[in-house]
Amino acid sequence: MKMVFRWYGEGNDTVTLEQIKHIPGVEGIVWALHHLPAGAEWPMADILAYKELVEPYGFHLEVVESVNVHEDIKLGLPSRDLYIENYKRTIERLAKVGAKVICYNFMPVFDWVRTDLFKELEDGSTAMFYEKLKVDAMNPLELVAKINENPEFTMPGWEPERLKHLSSVFDAYREVTEEDLWNNLQYFLEQIIPVAELNGIKMAIHPDDPPWSIFGLPKIMTGADSIRRLLKLVDNPYNGVTLCSGSLSARPDNNIAAMVREFADRIPFAHIRNIRLYENGDFIETSHKASDGTVDICDIVKAYHENGFTGYVRPDHGRHIWGEQCRPGYGLYDRALGIMYLWGIWDSLERSKRGTM
């Protein structure tokens with residue numbers, strides 16, 4: 001497996017490239033041009049500027065997260081063709097700097113939902129938390145205000161420019177069913193995947209977070225059945241999945257290790273993180289240590305190892321520990337600890353395979 005680390009860019013992240021360089025085994029930066037709105041064509045000058053910033057530290061730029069999909073594509077509006085053409089040109093430009101994977105999602109309106117970005121855990125650390133009853137009773141505009149209480153950083157999927165038209169976007173989705181969303185995803189993939197294949201870039205869809213409908217919006221990437229359907233929409237190795245253990249594990253019937261074993265050859269990129277799931281549907285993000293949550297991180301890593309996984313992995317979200325003031329879920333310390341936990345499991349499996357334990 002190839003270890004990578006998500007970085008939001010200079011001036012938009014409390015973590016530095018120099019600090020990331022100190023984490024053993026990290027070889028690449030997971031990146032994006034966060035100042036551009038969804039649907040924009042990425043300028044080559046901006047891409048090259050990012051490359052020049054990262055290259056001196058020895059990191060590659062092989063994983064891009066995310067090239068966001070414009071809402072008109074998800075809604076299936078006539079204007080989607082313009083945004084799809086922009087997407088194609090962006091793919092072509094990203095290939096010029098060595099990109100191999102693009103992580104994206106097809107979630108209506110919100111890329112992710114939490115009700116508390118800094119919920120305190122028993123040990124005094126804080127983490128992102130989802131309270132089901134609160135979401136069920138909440139007006140989406142309240143949620144937008146809460147998420148954007150932290151104005152120092154861009155919050156991907158929660159950009160104020162996009163969400164200021166929230167009411168009209170919700171109106172547009174009022175008649176959109178899950179089948180409509182599937183059809184619109186197929187239309188997008190049928191045009192994008194040939195361009196991605198030609199440029200050697202694998203498209204890897206991220207599951208819905210959380211994996212169920214909220215605020216009446218359709219959700220389609222929620223478990224193994226939906227992954228099977230996705231892979232058949234355009235049956236091509238360049239149509240794949242970013243398998244996120246945290247997002248999918250919010251549904252107790254999702255077995256992530258089983259998904260790894262079934263879909264390993266179509267997972268170019270993986271997010272590995274832990275959550276603690278409560279019986280009432282709430283969940284909170286925890287350390288990567290398996291016993292701290294309800295996700296069997298050990299078996300997930302074992303499943304990747306069994307399949308000779310050579311794709312990209314990142315530790316995904318972490319807690320906020322040791323007084324670190326950082327972007328919610330994206331500090332340095334707990335993600336670095338998570339990386340070392342994952343390497344520890346992987347190294348043990350390697351030694352066992354060689355019979356040296």
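Quick look at the numbers
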read-out: Some residue of segment 327-346 being more than 19 Å from MET3 (Cβ to Cβ), at pLDDT below 95 and surrounded by fewer than 22 Cβ atoms within 10 Å (Cβ to Cβ); value: yes
read-out: Candidates ILE23, ILE102, filtered to the one that is of a type outside the set (Phe, Trp, Tyr), at pLDDT 95 or above and more than 19 Å from the chain's Cα centre (by Cα); value: ILE23
read-out: Residues of segment 52-69 classified as part of a helix (DSSP H, G or I) and out of contact with any strand residue (DSSP E or B) (no Cβ under 6 Å at 6 or more places or on another chain), total; value: 5
read-out: Flag if GLU152 is modelled with pLDDT of 80 or more and either among the hydrophobic types (A, V, I, L, M, F, W, C) or surrounded by fewer than 18 Cβ atoms within 10 Å (Cβ to Cβ) (or both); value: no
read-out: Criterion (surrounded by fewer than 22 Cβ atoms within 10 Å (Cβ to Cβ), in contact with a Lys or Arg (Cβ under 8 Å, 6 or more places away or on another chain) and among the acidic types (Asp, Glu)) met by exactly one of GLU190, GLU178; value: GLU178
read-out: Subset of segment 35-44 (residues that are at pLDDT below 95 and out of contact with any Phe, Trp or Tyr (no Cβ under 6 Å at 6 or more places or on another chain)); value: HIS35, LEU36, PRO37, ALA38
read-out: Test: residue in segment 70-93 that is over 19 Å from PHE188 (Cβ atoms), out of contact with any strand residue (DSSP E or B) (no Cβ under 7 Å at 6 or more places or on another chain) and surrounded by fewer than 20 Cβ atoms within 10 Å (Cβ to Cβ); value: no
read-out: All positions within segment 195-221 that are more than 25 Å from ASN254 (Cα to Cα) and in contact (Cβ under 8 Å) with a residue 24 or more places away in the chain; value: VAL195, ALA196, GLU197, ASN199, GLY200, ILE201
read-out: Close pairs from segment 66-81: first modelled with pLDDT of 95 or more and of a type in the set (D, E, K, R), partner surrounded by 18 or more Cβ atoms within 10 Å (Cβ to Cβ) and part of a loop (DSSP other than H, G, I, E, B), Cβ under 7 Å, at least 6 apart; value: LYS74/PHE106; LYS74/PRO108
read-out: Residue count for segment 106-136, restricted to those that are surrounded by fewer than 19 Cβ atoms within 10 Å (Cβ to Cβ), among the acidic types (Asp, Glu) and within 16 Å of ARG276 (Cβ to Cβ); value: 4
read-out: Subset of segment 266-295 [small (Gly, Ala, Ser) and either within 14 Å of SER125 (Cβ to Cβ) or touching a Lys or Arg at 6+ places or on another chain (Cβ under 6 Å) (or both)]; value: GLY281, SER287, GLY293
read-out: Residues (out of contact with any strand residue (DSSP E or B) (no Cβ under 9 Å at 6 or more places or on another chain) and modelled with pLDDT of 90 or more) located in segment 109-147; value: GLU122, ASP123, GLY124, LEU133
read-out: Residue list for segment 222-259, restricted to those being within 21 Å of GLU285 (Cα to Cα), buried (at least 20 other Cβ atoms within 10 Å of the Cβ), touching a residue at least 40 places away in the same chain (Cβ under 8 Å) and not polar (S, T, N, Q); value: CYS244, GLY246, LEU248, ALA250, ILE256
read-out: Test for LEU82: is it of a type outside the set (Asp, Glu), assigned to a helix (DSSP H, G or I) and farther than 29 Å from ARG273 by Cβ; value: yes
read-out: Hey, TYR330 part of a helix (DSSP H, G or I), in contact (Cβ under 8 Å) with a residue 40 or more places away in the chain and not hydrophobic (A, V, I, L, M, F, W, C) or not; value: no
read-out: Hits in segment 271-311 - residues which are within 19 Å of GLY223 (Cα to Cα), aliphatic (A, V, I, L, M) and touching a residue at least 60 places away in the same chain (Cβ under 8 Å); value: ILE272
read-out: Matching residues, segment 14-37, being part of a loop (DSSP other than H, G, I, E, B) and surrounded by fewer than 20 Cβ atoms within 10 Å (Cβ to Cβ); value: THR14, THR16, HIS22, ILE23, PRO24, GLY25, LEU33, HIS34, HIS35, LEU36, PRO37
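The values are calculated or read from the model by the stated rules, or taken from the named source; none is laboratory data. Just so you know, these numbers come straight off a predicted model, no measurement behind them. Note that each Cβ is placed from the backbone with ideal geometry, even for glycine, and that neighbours are counted across all protein chains shown.
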